Amino acid sequence: MSKTKNYSKKDILSDCLIMADVGEMSREELEQFADRMRIDRNSFLLDKEELETELYFCYRNNKVEEMVNE
């Protein structure tokens, strides 16, 4: 079995909700589906981390502004 995985940008970066009947999938389709799930999960975690960082700096800037205005 080949370990080479070639997916198009459309396959990997779609914004669509993924629903699938994995019981009907071939081994290759299952591997591609699992890869897509990992990419989506990691993308979600990165987005969450970016939002938390942005929120931190926003909160910090507000606190600094309050201190300066006192």
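Only the coordinates and a few stated rules stand behind these numbers; no lab work does. From a predicted model like this one, the values you see are computed outputs, not experimental measurements. Counting neighbours? That spans all protein chains shown, and the Cβs are built from the backbone with ideal geometry, glycine included.
Summary table below
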quantity	calculated
Neighbour-count order for Met67, Met25, fewest beta carbons within 10 angstrom listed first	Met67, Met25
At 0.692 mPa s and 37 °C, Stokes D of the range 27-70 from Kirkwood alpha-carbon radius, µm² per second	252 µm²/s
The range 27-70, dipole about Cα centre (Lys/Arg Cβ +1, Asp/Glu Cβ -1), debye to the nearest 20	120 debye
Sorted peptide list for 43-55, 27-39, criterion being average Cβ within 10 angstrom, highest first	27-39, 43-55
